[in-house]
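The values are calculated or read from the model by the stated rules, or taken from the named source; none is laboratory data. For clarity, every value in this text was computed on a predicted model and none was experimentally measured. All Cβ positions, even for glycine, are placed from backbone atoms using ideal geometry, and neighbour counts span all protein chains on display. Heads up: the accessible areas ignore ligands, DNA and RNA and are worked out on the full protein's heavy atoms, side chains in. Shrake-Rupley method; radii C 1.70, N 1.55, O 1.52, S 1.80 Å.
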Amino acid sequence: VVPAVAILAQAMLQCLRLCPAAAAALADPAMAVMVPAQSLFVSEPPPHMFGNGENEKKPTWTNGNWLKSRFHFSFAEYRDSKRSSFGVLRVMNDDLVQPARGFGTHPHRNMEIVTYIVSGQLTHKDSMGTEETLGRGSVQFMTAGTGVRHSEFNHDPEKPLRFVQMWLMPNRSGLKPNYGGREPAAPTERDGRWAHLAMPVSSKCSPDKPVPINCDANIYAAEIQPGKGLEFQVEAGRQAYVLCVEGSARVGGLGGGKLVRHDGMQAVGPGVLSFTDAKPVGSTEILDPEPGCHLLVVEMSQR
């Protein structure tokens, strides 16, 4: 009788012979895994859940429901043990909110919350007495700590709002609640380069510095123009989650691939990711109607 261990070893060997990609992954842990937009859970909760009026049929509405949210990880009614988190990144929700709608006051605790505004105007109001409205390219961040209540609204009567909200697990629980906002240091800060939006706590928030968060993570955004490219270094012991916010891009390094709007990608270092506009100048290939590519990256320690 062949021992069970021997049978398992033979099966693994055969698998590696038949699947070179699996063999490469075992030989080199540095790799990238695509998260297609089609695989994301899409949530469209009823308006009353967050204190909104009934949905309206207006030409200014870009979706039939007040909210369309794409979950990259388990959240609310969505549960998937294979997508519970990635490093300290616990939540990434890509939200589209229709005009004059929003999230009524609700609580948070022991979480670092960073919100990146893609389009429209987002108004934040919280139990600490803070109220602020910010637009495209801006960041709102909040240390929920011992507990805070806040609301998030699109008060514009005609324009929809899109933002990406990320929840990151803090270094420790019981922190003092805090809020801050950052507008782009310059209109061109993301053009062809990585704008550093958030970094581990080390200094006070200011217009020309990243916002401070209580975890070992950094957040970057960049916009790549047609025919151009940009690289991102993932160091040894680090990993990164990439979101294609707008447009499309081809990815080289760590396995490579292609990203279109709403796609995600998990990358584990060491390695260099190279991004190029997926529709080079002069190309007739149609991957996305938008020119260029807008990327968001959450870089963090491996865990």
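Sort the following peptides by mean Cβ neighbour count (other Cβ atoms within 10 Å, averaged over residues), highest first: 179-185, 264-270.
264-270, 179-185
If we sort 91-101, 105-115, 162-172 on the protection proxy, mean other Cβ atoms within 10 Å, highest first, what's the order?
Put in order of decreasing packing, that is 91-101, 162-172, 105-115.
Quick one: which residues, 5+ away or cross-chain, put their amide H under 5 Å from the amide H of R261? H built at 1.01 Å from N.
When sequence neighbours closer than 5 places are left aside, the close amide H contacts are G247.
Pull up the cross-link candidates among the aspartates and glutamates for K176, meaning alpha carbon to alpha carbon under 15 Å and not fewer than 8 places away within one chain.
Here the aspartates and glutamates satisfying the reach criterion relative to K176 are E112, D126.
Counting other Cβ atoms within 10 Å of each Cβ, which trypsin sites (Lys or Arg not before Pro) in region 188-254 have at most 11 and sit in a DSSP loop?
K204
Within the set of other residues whose C-beta is less than 12 Å from the C-beta of G264, count the net charge using Lys and Arg as +1 and Asp and Glu as -1.
Net local charge, G264 excluded: +1.
Given a 1.4 angstrom probe, what's the average accessible area per residue across region 71-136, in square angstrom?
I get 40 Å² per residue for region 71-136.
Tell me which trypsin sites (Lys or Arg not before Pro) from region 66-99 have a DSSP coil assignment and no more than 10 other beta carbons within 10 Å of their own.
Taking region 66-99 and a limit of 10 other Cβ atoms within 10 Å, the loop trypsin sites (Lys or Arg not before Pro) found are R79.
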